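What follows draws every value from the coordinates through simple rules; no lab data is involved. Being a predicted model, the structure only gives us computed values, none of them experimental. Backbone-built Cβ (ideal geometry, glycine too); neighbour counts: all protein chains shown.
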Amino acid sequence: MNKKHSLIQLSALCLILLFSLSAQADEGMWLLQLMKEQNAIEMMKKQGLKLEADDLYNPSGVSLKDAVGIFGGGCTGEIISPEGLILTNHHCGYGAIQQHSSVEHDYLTDGFWAMTREQEIPTPGLKFRFVHRIVDITDQVNEQIKAGKVSETDAMSRPFLKKIADEQLEQSDLKGKAGISVQALPFYAGNKFYLFYYKVYNDVRMVAAPPSSVGKFGGETDNWMWPRHTGDFSMFRIYADANGEPAAYNPSNVPLKTPKYLPISLKGVEENSYAMVMGFPGSTSRYLTQSEVKQRMEADNQSKIDIRTIYLGVLREWMAKSDKIRIQYANKFAGSSNYWKNSIGMNKAIMDNDVLGSKAEIERHYAEWAKGKPEYEGVVEKIDAIIAQQKEPRRQAMYLIEALLSPINLYSEKAGKTLMQALTEKNDSLLEVGKKELEKEFEMIHNKDYDHEVERAVAKAMLPALTQYVDAANLPAFYQTIEKKYKGNFDAYVDYWFDRSILATRENLDKFLKKPSLKALENDPAFYFFDNAYTTLMAIQASVMEGSQELALLHKAYIRGLGEMKQPVPSYPDANFTLRLTYGNVKPYAPRDGVLYNYFTTTDGILEKENPEDPEFVVPAKLKELIQKKDFGRYAMADGTMPVCFLTTNDITGGNSGSPVINGEGQLIGAAFDGNWESLSGDINFDNQLQRCIVVDIRYVLFILEKLGGCQHLINEMTIVE
């Protein structure tokens, strides 16, 4: 045997060993419909699962998946009683809590506890979606590609996938059923396609939420950090018509009789206890090349860090001025802050954990494996060449989005285009449509969470900030107007815009609607701003899109090749906000030399962190008294202390917030709500030694619910296992 051949064999052996070891780790957001064929159940049983595959996912019967659903637009929730009671995170329910809050009823500060069903508050716009059915449609898609009805890249596009989803629904037995929606999505970069049927309930009512001093204890400071002492939970309830079918809000609707709900365990956890998470992870990018990771850092993440630092600074200053503004902007601030800090942590973790080195190592193995395989050889190099062309345009586009099209509210798109067409063509009927659209947009902008002076201050901060990060040639045309007409005075330009725009005040809008003219529309600063910003962004995006179709096909080949290279070890697809299951164990971790973090926290840490001068670390007087008196009831651990949070090795990401953490018997032990700072590169590269899921212990949830909220009636409707 020659030396070269021996080295190749040794390299292949090392690669197989590497992937075999990774299969024993807790990495993986597994598709429930593939658990049997990927032998995931056997691996889970080795770690402590006592259930069978059909107990978790049964396409023809009731299973655990029927107790889990999508809460709102970006979180997970679980059913914890036979009467449609939902448990999710406080930060997932935060928008609804804020929506119902006012200076007179400040549920953000004081919390909310419904003592009767009549007190449960309807929440317009809030939905809960159950996965009704999952269907593999890969063959149907591939048949259309083979027949030339759709290209390989267009088969992954939203328009095509919507079309095929609608066609499948039309042919199914679910056609015309109440609340049924359908979604087709690509997996493994378009190597597989699945169709998801959802049953959507849109009468969801707020039931319980602790004060923010519990639900957001630690605030920005503790976000993404361990040790954690946050009671991050809230509760809602699904209502349905008399037949249990989805229906719009109606006082006659009744709590949903759910076919499956999670029993709750008070047995607690120990180190190495089995834990699994079922939920809807939003997005991961585990199969990026090294060049794409660098692009993520320098374009996507850095733009969020730079621009949101300024944006959050403006909001923080104004929110400190009045309770009204604090309540109005609480949800916007929380949402922006979350991914601002995530971006900081991800960039740091990528460097600290040598993710670039890990990616380079995978690519070296892949290149060796791909030799002599035309379908796969040279794929990474071709990806890198396209990324090199796209990198700078993408960076500038991301700064434009972050500074102009994300935080600033006073502009219009649809109405402006309709009105311009109507006035140009002198089309009276289209003019009436445009006027109605403008009315709607004005109401949408000037909602209860809008403050004109705060938005003015944001615009004054964003416009000059952008000049630091975007080339002058790529700045929208209104920057030339600022320079020439306003002598570079950004404040003067923004003041004109926020005083004189049609959308600025009701008086301005009424004046325009009374006598609409093309000249007034063309000269309006809000329409001018948006048209300039959007046109500029589209021009830059055109550069970004060059080569994007080729890139999609290269990714499809690369991920297919990685899967083949790893066989017989199964691969999982990147997260895309579809139902997944991860399994792992309760474990501590050592983030750096000489430091070992325990796997759980207690209420002792709440008092240790207490700082009455810092809003993030205020402890409610009643909670402090309960802790000091050790009035924990049946929720305390054997030694009398009260648990708050614990750690598991489960593989999670955004979208998993609120996901049930379930023991080996299928009982609820907590709700996932965060990841740890040291592993924020986990969306790109999973590290089994560092990656941890932060969970609020169900015993702390029930303690707060009973002792602080006085909601024994809610606990009575749950099934408690002691």
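Computing semi-axes √(5λ) of the Cα gyration tensor in Å directly from the structure and comparing it against (1) 40, 36, 27; (2) 72, 40, 22; (3) 50, 28, 23 singles out (1).
Where Lys and Arg each count +1 and Asp and Glu each count -1, what net charge lies around Tyr534 among other residues with Cβ under 13 Å from its Cβ? Every neighbour counted, the sum reads 0.
Ranked for footprinting exposure by Cβ neighbours inside 10 Å, fewest first, Glu317, Glu37 give Glu37, Glu317. Counted by neighbouring Cβ atoms within 10 Å, the residues Arg500, Arg158 run from fewest to most as Arg158, Arg500.
Rounded to the nearest 20 debye, the dipole magnitude of the chain is 680 debye, with +1 charges on Lys and Arg beta carbons, -1 on Asp and Glu beta carbons, and the Cα centre as origin. Charged neighbours of Ile305, selected by a Cβ distance under 13 Å, balance to +2 (K, R count +1; D, E count -1). Projecting the Cα positions of Ala330, Leu312, Gly345 onto the charge dipole of the range 303-373 (unit charges on Cβ atoms of Lys, Arg, Asp and Glu, taken about the Cα centre) puts Ala330 furthest along the positive direction. Secondary-structure-derived ellipticity at 222 nm for the chain, considering helices only, amounts to -13500 deg cm²/dmol, per-run term -39500 (n - 2.57) for DSSP H runs with n ≥ 4.
Given in Å, the Rg to one decimal and the Dmax to the nearest whole number for the Cα atoms of the range 290-545 are 22.3, 72. Between the range 526-544 and the range 321-377, how many Å separate their Cα centres? Measuring centre to centre over Cα atoms gives 26 Å. Magnitude of the charge dipole for the range 132-219, about its Cα centre and with charges confined to Cβ atoms of Lys, Arg (+1) and Asp, Glu (-1), is about 360 debye. For the range 185-234, the normalised intensity computed at q = 0.25, 0.28 Å⁻¹ comes to -0.88, -1.06 (log10 of I(q)/I(0), Debye sum over alpha carbons, equal scatterers, no solvent).
Only Lys, Arg, Asp and Glu carry charge here, each on its Cβ (+1 for the first two, -1 for the last two); on that basis the range 203-331 has a dipole of about 180 debye about its Cα centre.
When the range 138-276 is described by a simple charge dipole with +1 on each Lys and Arg Cβ and -1 on each Asp and Glu Cβ, the residue from Ala242, Gln183, Val207 located farthest towards its positive end is Ala242. Working note: Cα gyration tensor of the range 15-126, eigenvalues times five, square-rooted, sorted largest first, giving semi-axes of 39, 18, 12 Å. When the range 290-545 is described by a simple charge dipole with +1 on each Lys and Arg Cβ and -1 on each Asp and Glu Cβ, the residue from Ala370, Asn409, Gln295 located farthest towards its positive end is Asn409. Expressed in units of 2.2 N^0.38 Å, where N is the residue count, the Cα radius of gyration of the range 138-293 is 1.45. Sites listed here are trypsin sites (Lys or Arg not before Pro) in the range 125-193 whose DSSP assignment is loop and whose Cβ has at most 16 other Cβ atoms within 10 Å: Lys149, Lys175, Lys177.
Just to confirm a number: summing +1 for Lys and Arg and -1 for Asp and Glu over residues other than His90 whose beta-carbon lies under 12 angstrom from that of His90, what do you get? Charge balance in the 12 Å sphere: -1.
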